[in-house]
Amino acid sequence: MITAPLYEIFSSVQGEATRVGERHLFVRLAGCDLECTYCDTPASRRIPRKARVFLPSGTVAQGNPMSRDVLDECVTRIDDEAGPHHAVAITGGEPLLFVDFLVPLLDTWRKRGWSILLETGGHRPDDLERIIEHVDIVMADIKVESSAGFAIDTERFLEIASQRECAAKIVCNAHTTEDEITAAARMVRDDVPLILQPVYGSAFHPPKGDRMLALQRAAMRVHEKTRVIPQTHRTLHLR
């Protein structure tokens, strides 16, 4: 694979999970094999004719699909203009659809001293095995039916991810049950942080604070390293 569909590239604050607050350079690929009910970037499921590259000097429309050389130029330019960055965050869509495209780029970026963070739906363990040696951090979802619309057994995925720094995240809404959270928490290794993230947006029925406390309490009965972290970048109106 010598090209891949990109949705957008931008510099922002990491708003989720254990690296919250860090400055990351986000590479969002287009295309996903899931349709989560709570998806906050549904437009990234489709491949745009032009990818958007957000620079401090203005937004550039870049032709799609994008070659590795062009993507590397875009990332390098953003790092030069908006950096420094704590990590390059590969997100989507679902980035594990594009392992063959990504691996040479990730190796190049790591040789420059950049850490690579992979944000993934947590449902493609075979592809994760192929890329795990080329990333530094894995942030994986655990899908529960009440919020995603379906559930996925993520245990094997998380076992592979634990070869690197990793964390598991469950997006919760007002209908998420303690039984769901308990079952999901049992899939997570004791040394891997579990993040309960209240869904953002009134249309998705976010849980109230006392509900999140109840879900955290249920998770902590089987997994001590459970935290509640909302999408903090939303408070700053950032991407």
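Just so you know, all these numbers are worked out from the coordinates, no wet-lab data involved. Please read all numbers here as calculations on a predicted model, not as lab measurements. Here the Cβ is made from the backbone with ideal geometry for all residues, glycine too, and neighbour counts use every protein chain on show.
Worth pointing out:
- Filter result for GLY92 (in contact with a Phe, Trp or Tyr (Cβ under 8 Å, 6 or more places away or on another chain) and on the phi > 0 side of the Ramachandran plot): no
- Options ILE181, ILE170; residue that is of a type outside the set (Lys, Arg) and under 16 Å from the mean Cα position of the chain (by Cα): ILE170
- Number of the condition not met by ILE195 [criteria: (1) part of a loop (DSSP other than H, G, I, E, B); (2) under 15 Å from the mean Cα position of the chain (by Cα)]: (1)
- Failed item, numbered, when ARG52 is tested on (1) among the charged types (D, E, K, R); (2) farther than 18 Å from ALA4 by Cβ; (3) surrounded by 15 or more Cβ atoms within 10 Å (Cβ to Cβ): (2)
- Just one of the listed residues (LEU96, LEU71) is under 19 Å from ALA4 (Cβ atoms) and within 13 Å of the chain's Cα centre (by Cα), namely LEU96.
- Residue list for the stretch 131-173, restricted to those being of a type outside the set (Lys, Arg), surrounded by fewer than 21 Cβ atoms within 10 Å (Cβ to Cβ) and in a loop (DSSP other than H, G, I, E, B): ASP136, GLY149, PHE150, ALA151, ILE152, ASP153, SER162, GLN163, ASN173
- Test: GLU8 is touching a residue at least 24 places away in the same chain (Cβ under 8 Å), among the acidic types (Asp, Glu) and buried (at least 19 other Cβ atoms within 10 Å of the Cβ): yes
- Screening ARG189 with (1) over 22 Å from GLN14 (Cβ atoms); (2) part of a helix (DSSP H, G or I) gives one miss only, at (2).
- Hey, LEU215 assigned to a helix (DSSP H, G or I), in contact with an Asp or Glu (Cβ under 7 Å, 6 or more places away or on another chain), of a type outside the set (S, T, N, Q) and crowded, with 16+ Cβ neighbours inside 10 Å or not: yes
- Selected residue (criterion: nearest to the chain's Cα centre (by Cα)) from residues of the stretch 99-127 that are under 20 Å from ILE170 (Cβ atoms) and assigned to a strand (DSSP E or B): GLU119
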